[in-house]
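**Q** Can you keep this structure in mind? I'll have questions shortly.
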Amino acid sequence: MALDQTGDDVNAPNGPTKRDVPPGSGRRASRSTPKGRQVDESSRRETLELLGELPRRRELLIEHLHLLQDAHGCLHARHLAALAAEMRLSLAEVFETASFYAHFDIVMDGERAPPPVTIRVCNSLSCAMAGSHDLLRDLEARLEPHVRVIPAPCMGGCARAPVVSINHVLREDATAKSVASDVARGDLAPRMPAHVGFDAYRAAGGYRLLEDLLAGRRTVEEVIAALKAAELKGMGGAGFPTGRKWELVRAESAPRLMAVNADEGEPGTFKDRHYLETDPHRFIEGMLIGAFVVEAADVYIYLRGEYPQIRAILERELAMVAAAGFLPHVAVHLRRGAGSYVCGEESAMLESIEGRRGLPRHKPPFPSQVGLFGHPTLINNVETLWWVRDIVDGAAGRFHSPGINGRKGLRSFSVSGRVRLPGVKLAPAGITARELIEKHSGGMLPGHAFKAYLPGGASGGILPAAMADIPLDFGTLEPHGCFIGSAALIVLSDHDDMRQVALNLLRFFEEESCGQCSPCRVGTEKAVALLERPVWDEALIEELATAMADASICGLGQAAMNPVKQILRHFRTEIAGGAEGAR
């Protein structure tokens, strides 16, 4: 007989219970069952069937959560318990990660699961201007309660607003009728765009540069020198010189890794989507060249969760690249984002790739020194890598086209808002917003007068039409309190209320704050409350903006108040007029 410290038989049926311990005896009651949520056999079996032979490594937690979400339409608590047990993680680790990302729906015991179809209606600025609020109400009236209809932030379809996603599959130029029709017909598959496939890309000279590097006919030093001569900068928004970055990472101790940021969540930005949908191999070759230069054994592509069509393209095309023998030096891993804007910040992206919440890291150390899994990591944006072949191969082609207004080369602009022809515009660096609208975007919509523009997406600030002749490039907008970032130009007209524009942008930042630091978590919430008041307290808003810019950990909190500050500077009369009207 085995006795515990109390003298009870621990092998007795059900074990000792609280009833078995006399009050005041000082003896501790033991439990009849183990602590924590228990895994039932059916949930364990269902989870194992989904995981199959996939590795159980910690870094794959988010990928495994996607499998559960896709299979069951939500994350049942019982499946999360089974997943935690199978991956040898604490249930707290699994829950905290799953609850961080907007694309995961956790359903606790006794709660009703969401309907099998969820329609997310974009409520970010470009879609809001195109009537997404009315679309949301129309869809709710048509489809609820059998279909869940909810608002959601930017989905990368700003050029064809308004946009919805049906179970994370994009539908652009959406109307209540067209969306309801797709749902009724069960037309829920991604629309596959036409793109340059492997054979066509190869026939046009593709992968020749990579072949030359692998064979030793071209050198790493040549590649880095060409990137430096072209002055290629990071096109994700930071603008750090690419050749210098590759050089710095290469100088770090091995092993080294590479991560690609394809999670463009900035409202108004969709250029990376454009390049991945139209000419993916030019990006893939640039990525593989980068991995070769820094001697990275593994590359991780972090792809926006709203782009399932691109995921399908990359899976197919990468398989063809591997079959052709162009991956002897590197293993490529595709990782899905799960609905978090802050994961566009490079260190938050690394946390997410590692299977955790996307919380930005403190710097230093920088990712080039201590990055993914603690190793030196080269991080590049999709468009940056897309240009590598053009720059290094031959005469550098289009990238060396002359800029204007004293600038050099080309830039890809994502243009949306009140223009006739929104879309990705390849234009000379240094072009002005006015020229971009008039010469490349068909001018303003009929009945709309140009009023203002956002030169760098939601966080890049706002300038009036009177300042639309400033060259658009790195370093030209900073003296005016703005920056170009990822070159997302959102055009506003006289139909737009600047108070509502500011509210839309700050509500986005409030929703997307990761919550790690108080200046951003509390600051964005406080900012929304201040902007909702009939009369803006300018002194308090300025004080809040300073605190957020100075004390936030990452760029989300640091730049969130940029548009508000610019509206106060350039549209003070309109703000005051709005307050009078509200009274």
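The values are calculated or read from the model by the stated rules, or taken from the named source; none is laboratory data. This structure is a prediction, so every number in the text was calculated from the model and none was measured. We place every Cβ from the backbone using ideal geometry, glycine too, and count neighbours over all the protein chains shown. Quick note on the areas: whole protein, heavy atoms, side chains included, nothing else; ligands and nucleic acids left out. Shrake-Rupley method; radii C 1.70, N 1.55, O 1.52, S 1.80 Å.
**Q** What's the total number of residues in segment 204-214 that are out of contact with any Asp or Glu (no Cβ under 7 Å at 6 or more places or on another chain) and either open to solvent by 60 Å² or more (accessible area, probe 1.4 Å) or of a type outside the set (Gly, Ala, Ser) (or both)? Give the derivation first.
**A** Going residue by residue through segment 204-214, those that are out of contact with any Asp or Glu (no Cβ under 7 Å at 6 or more places or on another chain) are 204-205, 208, 211-214.
Then drop every residue that is not either open to solvent by 60 Å² or more (accessible area, probe 1.4 Å) or of a type outside the set (Gly, Ala, Ser) (or both), which leaves 204, 208, 211-214.
Looking only at that region, the number is 6.
**Q** On the basis of being outside any helix (DSSP H, G or I), closer than 30 Å to Ala559 by Cβ and open to solvent by less than 20 Å² (accessible area, probe 1.4 Å), does Gly239 make the cut?
**A** Taking the combined requirement at face value, the residue satisfies it.
**Q** Now, a different point. How many residues, within segment 180-214, are under 30 Å from Arg137 (Cα atoms) and either aliphatic (A, V, I, L, M) or part of a helix (DSSP H, G or I) (or both)?
**A** Here the count works out to 9.
**Q** Of Glu96, Glu86, which residue is in contact (Cβ under 8 Å) with a residue 12 or more places away in the chain, within 18 Å of Leu51 (Cβ to Cβ) and surrounded by fewer than 18 Cβ atoms within 10 Å (Cβ to Cβ)?
**A** Glu86
**Q** Confirm whether Glu285 is at pLDDT 95 or above, over 27 Å from Phe509 (Cα atoms), touching a Pro at 6+ places or on another chain (Cβ under 6 Å) and not in a loop (DSSP other than H, G, I, E, B).
**A** When the stated conditions are applied, Glu285 does not pass them.
**Q** Of the conditions (1) crowded, with 20+ Cβ neighbours inside 10 Å; (2) assigned to a loop (DSSP other than H, G, I, E, B), Val501 clears all except one; give me its number.
**A** Tallying (1) crowded, with 20+ Cβ neighbours inside 10 Å; (2) assigned to a loop (DSSP other than H, G, I, E, B), Val501 fails exactly one: (2).
**Q** Could you tell me which residue of segment 113-138 is surrounded by the fewest Cβ atoms within 10 Å (Cβ to Cβ), considering only residues that are among the small types (Gly, Ala, Ser) and without any contact (Cβ under 8 Å) to a residue 40 or more places away in the chain?
**A** The extreme case among them is Gly131.
**Q** Check segment 333-354 and report whether any residue there is open to solvent by less than 50 Å² (accessible area, probe 1.4 Å), in a loop (DSSP other than H, G, I, E, B), among the hydroxyl-bearing types (Ser, Thr, Tyr) and more than 29 Å from Ser99 (Cα to Cα).
**A** no
**Q** Within segment 168-203, how many residues are of a type in the set (Lys, Arg), open to solvent by 40 Å² or more (accessible area, probe 1.4 Å), within 25 Å of the chain's Cα centre (by Cα) and modelled with pLDDT of 95 or more?
**A** 0
**Q** Here is a list: Ala141, Ala77. Which entry is of a type in the set (Gly, Ala, Ser) and crowded, with 17+ Cβ neighbours inside 10 Å?
**A** Ala77
**Q** Quick test of your reading of the structure: Gly110 fulfils all but one of (1) surrounded by fewer than 16 Cβ atoms within 10 Å (Cβ to Cβ); (2) closer than 24 Å to Val169 by Cβ. Name the failing condition by number.
**A** (2)
**Q** Moving on. Which pairs do you get when a residue that is of a type in the set (D, E, K, R), found in segment 458-469, comes within reach of a residue that is open to solvent by less than 20 Å² (accessible area, probe 1.4 Å), reach meaning Cβ atoms under 6 angstrom, with the pair 6+ apart or on two chains?
**A** Asp469/Thr432
**Q** Residues in segment 370-389: is at least one among the small types (Gly, Ala, Ser), free of Cβ contacts under 8 Å to residues at least 12 places away in the same chain and closer than 30 Å to Phe95 by Cβ?
**A** Yes; the residues of segment 370-389 include at least one that is among the small types (Gly, Ala, Ser), free of Cβ contacts under 8 Å to residues at least 12 places away in the same chain and closer than 30 Å to Phe95 by Cβ.
**Q** What residue, of Arg78, Arg58, Arg31, is of a type in the set (D, E, K, R), modelled with pLDDT of 80 or more and in contact with a Ser or Thr (Cβ under 9 Å, 6 or more places away or on another chain)?
**A** Arg78
**Q** Residue under question is Arg217, and the condition is that it be open to solvent by 60 Å² or more (accessible area, probe 1.4 Å), without any contact (Cβ under 8 Å) to a residue 40 or more places away in the chain, over 30 Å from Pro563 (Cβ atoms) and assigned to a loop (DSSP other than H, G, I, E, B); does it hold?
**A** Taking the combined requirement at face value, the residue satisfies it.
**Q** Pull up segment 262-307, narrow it to residues that are among the aromatic types (Phe, Trp, Tyr) and either touching a Lys or Arg at 6+ places or on another chain (Cβ under 6 Å) or buried (at least 24 other Cβ atoms within 10 Å of the Cβ) (or both), then point me to the one that is nearest to Leu489 (Cα to Cα).
**A** Only one residue tops the list, namely Phe270.
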